[in-house]
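The values are calculated or read from the model by the stated rules, or taken from the named source; none is laboratory data. Just so you know, these numbers come straight off a predicted model, no measurement behind them. Counting neighbours? That spans all protein chains shown, and the Cβs are built from the backbone with ideal geometry, glycine included.
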Amino acid sequence: MGAFDKAKDKAEQMKGRAKQKLGDATDNESLENEGHRDELKGKAKEKFHDAREGGQDKLRDAKERLTDEGGRDERR
């Protein structure tokens, strides 16, 4: 995952936690719930970016293995 994506996801989680605390402190259940949603959304995005990066890494590794093996002459 790019550093920019990771920072955005973490910022969304922190914003959500701040809203939850503010909502709790002011007895604003709506704000508290909104904060919880923001935090979960940030976590979900982070998991998605991690999974996408892992898939890209595996694809890159597979391509390298195929390219390395395809370039050799196995008959020798």
Flag if D57 is modelled with pLDDT of 95 or more and among the acidic types (D, E): no
Selection from region 7-35 of residues that are of a type in the set (G, A, S) and farther than 22 Å from K45 by Cβ: A25, S30
Members of region 2-23 that are under 15 Å from E34 (Cα atoms) and either polar (S, T, N, Q) or touching a residue at least 40 places away in the same chain (Cβ under 8 Å) (or both): Q13, Q20
